[in-house]
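Each remark here refers to the structure printed beneath this line.
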Amino acid sequence: MDSLEGYWAYLVNCSRSLILDHGYWTSEGEKDLEDMLMVRLSSLLLKSLDQIGSCRALRICILADNFLTRIEALMECTHLVKLDLKGNQIVQLPDASCWSHLKELQLLYLHDNNMSTWNNIKGLLGCLNLTALTLYDTPLSLKKNYRHCLVNNIWSLKALDNFVISDEEIIQNWSLPFRFKAFYSPTLIIQRWIRGHLIRKRLG
């Protein structure tokens with residue numbers, strides 16, 4: 001996407017009325033942010049998510065192709081199952097303590113953003129039930145061993161960048177380059193050992 005500077009005058013805040021205009025509810029009664037189950041806010045030149053945290057019942061949130069740089073407000077939407085943030089200007093994700101509130105989140109689309117280092121995304125380790133993640137078309141996806149590092153750290157993942165994760169991608173006793181070792185934690189090392197033991201036992 002082009003630089004923000006050329007578009008800044010045209011970018012808009014995510015107002016209450018804008019969210020209500022693009023929201024979906026299960027009932028036909030009075031519509032309010034607190035009862036909204038889905039919102040589709042793609043390609044609206046959004047620069048912020050000021051009011052989105054009021055959507056406490058939100059299950060599906062589509063925010064693709066905007067100009068968002070910060071997404072902390074979404075951490076208030078604790079019932080999210082699917083979150084689409086592709087094609088924004090995100091560099092840094094919230095930390096693990098924030099993602100830990102999204103206990104129901106399974107699908108997260110982050111491709112075509114600006115994350116470039118492992119530190120930019122390591123907060124996702126707190127998202128314990130994440131099943132499918134996309135990060136292709138980011139500077140990070142060009143890193144050596146990018147896929148291997150992700151599938152060996154976010155243990156709940158079943159698919160990365162629209163490809164199913166196979167057992168063959170989980171390689172035990174692999175020597176991680178020093179600059180990436182901070183991406184690991186004692187808990188993950190224990191989980192890796194247990195998973196490796198179960199794989200070897202299954203293969204006989």
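The values are calculated or read from the model by the stated rules, or taken from the named source; none is laboratory data. Computed from a predicted model, the values in this text were never measured in an experiment. Methodologically, a virtual Cβ is constructed for each residue, glycine included, from the backbone with ideal geometry; neighbour enumeration extends over all protein chains shown. Each accessible area value is taken on the protein alone, full model and side chains, heavy atoms only, with ligands, DNA and RNA left out. Shrake-Rupley method; radii C 1.70, N 1.55, O 1.52, S 1.80 Å.
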Do we have LEU102 as closer than 19 Å to LEU157 by Cα and at pLDDT 95 or above here? yes
Out of all the residues in the stretch 110-131, is one or more under 12 Å from the mean Cα position of the chain (by Cα), within 26 Å of ARG16 (Cα to Cα), at pLDDT 95 or above and not hydroxyl-bearing (Ser, Thr, Tyr)? yes
Might you check whether a residue that is more than 27 Å from GLU34 (Cβ to Cβ) and acidic (Asp, Glu) occurs anywhere in the stretch 121-137? yes
Considering the stretch 137-192, residues that are open to solvent by less than 40 Å² (accessible area, probe 1.4 Å) and of a type in the set (Val, Ile, Thr), and then whichever is modelled with the lowest pLDDT, we arrive at ILE170
If I filter the stretch 68-81 down to residues being touching a Lys or Arg at 6+ places or on another chain (Cβ under 8 Å) and open to solvent by less than 10 Å² (accessible area, probe 1.4 Å), which single residue comes out as farthest from TRP25 (Cα to Cα)? LEU68
Does GLN51 satisfy the condition of being farther than 27 Å from SER166 by Cα and crowded, with 17+ Cβ neighbours inside 10 Å? yes
Of everything in the stretch 1-29 that's assigned to a loop (DSSP other than H, G, I, E, B), open to solvent by 90 Å² or more (accessible area, probe 1.4 Å) and over 18 Å from HIS79 (Cβ atoms), which residue is modelled with the lowest pLDDT? MET1
What are the pairs, 6+ residues apart or on separate chains, where a residue within the stretch 42-54 that is within 15 Å of ASP84 (Cα to Cα) and free of Cβ contacts under 8 Å to residues at least 24 places away in the same chain has its Cβ under 9 Å from a residue that is open to solvent by 40 Å² or more (accessible area, probe 1.4 Å) and assigned to a loop (DSSP other than H, G, I, E, B)? SER43/ASP65
Screening ASP32, ASP84, ASP65, ASP95 for residues that are touching a strand residue (DSSP E or B) at 6+ places or on another chain (Cβ under 9 Å), among the acidic types (Asp, Glu) and either under 23 Å from LEU135 (Cα atoms) or open to solvent by less than 70 Å² (accessible area, probe 1.4 Å) (or both) leaves only ASP84
What's the total number of residues in the stretch 98-121 that are surrounded by 18 or more Cβ atoms within 10 Å (Cβ to Cβ) and more than 15 Å from TYR136 (Cα to Cα)? 3
